[in-house]
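Notes follow once the structure below has been shown.
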Amino acid sequence: EGDLVVDAMCGRGTTIDVCKEENRKVLDYDILPYRDDIKQADARNLPLENEKADFIFIDSPYSDNIKYNDHPDNIGNISCEDPRFFEELDKVAKEMHRILKPEKYIAWLIGDQAKKKKFVPAGFKLYSILENYFKPVDIICVTRHNQTSNTPIWHERARKYNFYLRGFKYLIIMQKVTK
């Protein structure tokens, strides 16, 4: 309780709601804020001092599979089949390293892409990026069960656009260690 949690790609603000329930301080940012309590900022360049966060949570875009918004700098507008996608995630990882306090943790949620018979292991690629900045702690397989991606509309979209509905995401947990 009382720790500062930062979500640099907070989308609709779930992290804000959870932090309030758990008595945590929270700073949520998004490139195009959805609600008034989200600050506008790019995750690659946050208006935050060095080593300020006690914990970072990120649920970044996994590719361009969902239309997040029309902001020209939105990483979610880049396909994970394009190397630029991971170059931009590397910039986010570097920025998260800058704002995280030593010995504290980052948790990053991401899923792979299987689309038009092409598989992109986005989780493994992100893990490799994060290893450049943080010490690995764990990888948790988060199953989807009754999440919104396991509904008839997503099953129809998967058939229409020829992609595979994965049954899990990776929650990659890493720690910032002092060198």
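The values are calculated or read from the model by the stated rules, or taken from the named source; none is laboratory data. All values reported here derive from a predicted model rather than from experimental measurement. With ideal geometry, Cβ positions are generated from the backbone for all residues, glycine too; neighbour counts draw on all protein chains shown. These area figures cover heavy atoms from the full protein model, side chains too; ligands, DNA and RNA do not enter into them. Shrake-Rupley method; radii C 1.70, N 1.55, O 1.52, S 1.80 Å.
Each row is one residue, and each column tells you yes or no for (1) more than 23 Å from R44 (Cβ to Cβ); (2) surrounded by fewer than 19 Cβ atoms within 10 Å (Cβ to Cβ); (3) modelled with pLDDT under 90.
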residue: F85; (1), (2), (3): no, no, no
residue: H97; (1), (2), (3): no, yes, no
residue: D112; (1), (2), (3): no, no, yes
residue: F119; (1), (2), (3): yes, yes, yes
residue: S149; (1), (2), (3): yes, yes, yes
residue: G167; (1), (2), (3): yes, yes, yes
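Inspect segment 13-36 for any residue being at positive phi, free of Cβ contacts under 8 Å to residues at least 24 places away in the same chain and either open to solvent by 70 Å² or more (accessible area, probe 1.4 Å) or not β-branched (V, I, T) (or both) and give the result as yes or no.
yes
The rows are residues; the columns are (1) out of contact with any strand residue (DSSP E or B) (no Cβ under 8 Å at 6 or more places or on another chain); (2) under 23 Å from R159 (Cβ atoms).
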{"residue": "I38", "(1), (2)": "no, no"}
{"residue": "N45", "(1), (2)": "yes, no"}
{"residue": "F57", "(1), (2)": "no, no"}
{"residue": "P61", "(1), (2)": "yes, yes"}
{"residue": "N69", "(1), (2)": "yes, no"}
{"residue": "I99", "(1), (2)": "no, no"}
{"residue": "G111", "(1), (2)": "no, yes"}
{"residue": "A114", "(1), (2)": "no, yes"}
{"residue": "K118", "(1), (2)": "yes, yes"}
*Is there a residue in segment 125-142 that is modelled with pLDDT under 85 and outside any strand (DSSP E or B)?*
no
*Applying the selection to segment 1-12, what residues are without any contact (Cβ under 8 Å) to a residue 60 or more places away in the chain and in a loop (DSSP other than H, G, I, E, B)?*
E1, G2, D3, C10, G11, R12
*Give the residue, chosen from A93, A53, that is aliphatic (A, V, I, L, M) and more than 19 Å from L126 (Cα to Cα).*
A53
*asked:* Looking at segment 20-50 only, could you name the residues that are over 17 Å from S60 (Cβ atoms) and either acidic (D, E) or out of contact with any Phe, Trp or Tyr (no Cβ under 9 Å at 6 or more places or on another chain) (or both)?
replied: K20, E21, E22, N23, K25, V26, R35, D36, D37, E49, N50
*For segment 72-83, what are the residues that are touching a residue at least 24 places away in the same chain (Cβ under 8 Å) and open to solvent by 50 Å² or more (accessible area, probe 1.4 Å)?*
D73, E81
*Those residues of segment 28-43 which are assigned to a loop (DSSP other than H, G, I, E, B) and hydroxyl-bearing (S, T, Y), in sequence order*: Y34
